[in-house]
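This report concerns only the one structure given below.
Each reported figure results from applying straightforward, stated rules to the coordinates on display, with no laboratory input. Not measured: the values here are computed from a predicted model. Here Cβ is always computed from backbone atoms with ideal geometry, including for glycine, and neighbour counts include all displayed protein chains.
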Amino acid sequence: MIVRDMYVALKVGISQWYRETFAESETNSKYLNYILTFVVAGGVFWGGYNLYNYYICSREASAQKVLNECIAELDKAKGGMGSWYDVEVAFQMGHKQNSGSRLAPFFLAFKAEAMYNQGKVKEAIDTLNESLKSMGESSDLFGMYNAKRALMKLDAKDDALQKEGLAELEAASQKNDSGQGVALFYLGSYHWSNNEFAKAQEAWKKLVALREVKDVKVSPYVQMAKEKLEQLD
């Protein structure tokens, strides 16, 4: 009863305050219209912002689920239990369905790997080019995939592509990003395979000198480089 009476009293009080402050004053009434317009606009903006965030989260969650399913197919193909062509198609469809997602570039990157494993080297490089363009250099994984593209070119049968690949691998080995360690290790391996042991040693020593940011741990590539250097001693 007390709560009900309080509600009625508040209702009457608010109505009286509104009438005295705004309804009976033309100037204040204009101010109220401005305030109400601002509040409504703010409410629409806030609601739209939250609705947009909800949409983004739902979209990314859906894309992540599809990407995981595609990766599972890729793992099967790596284990000899699936078709690389089917993997290529899966990632192609995944990208088509999630082209607006932040994960879209990675559908293309995995598709490129599937194409590469079918011997479609040039097509794989073109697809990885598209992925890198969409990914942008600000991505933490850009350097890694940039180095991978250089390796694809280096492995091509086309002499021009091989030269491009070597130049890009050397450039990647100089950049302080996620691809530097990969680039240095495989640059050393390239020189090793061509009996250029001094150059191989130079690349691997530089790799061993690297350390992960804020951590004393070394990457797997650093450990492999150490083992290679021991063979040269």
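Karplus-based coupling profile of the range 182-190, in residue order and whole Hz: 4, 4, 5, 5, 6, 5, x, 5, 4, with θ = phi - 60° in 6.51 cos²θ - 1.76 cosθ + 1.60 and x standing for Gly or Pro.
For the pair the range 87-107 / the range 122-170, the C-alpha centres are spaced 19 Å from each other. Net charge within 11 Å of ALA109 by Cβ-Cβ distance, Lys/Arg positive one each and Asp/Glu negative one each, not counting ALA109 itself? Net charge around ALA109: +1.
Using a ≥ b ≥ c from the Cα gyration tensor of the range 93-233 (square roots of the eigenvalues), is it rounded, prolate or oblate, where a/c under 1.5 gives rounded and otherwise the larger of a/b and b/c decides, a/b for prolate? Oblate. For the range 112-123, the Karplus equation 6.51 cos²θ - 1.76 cosθ + 1.60, evaluated at θ = phi - 60°, returns couplings of 4, 5, 5, 5, 4, 6, 9, x, 8, 5, 5, 5 Hz by residue, with Gly and Pro reported as x.
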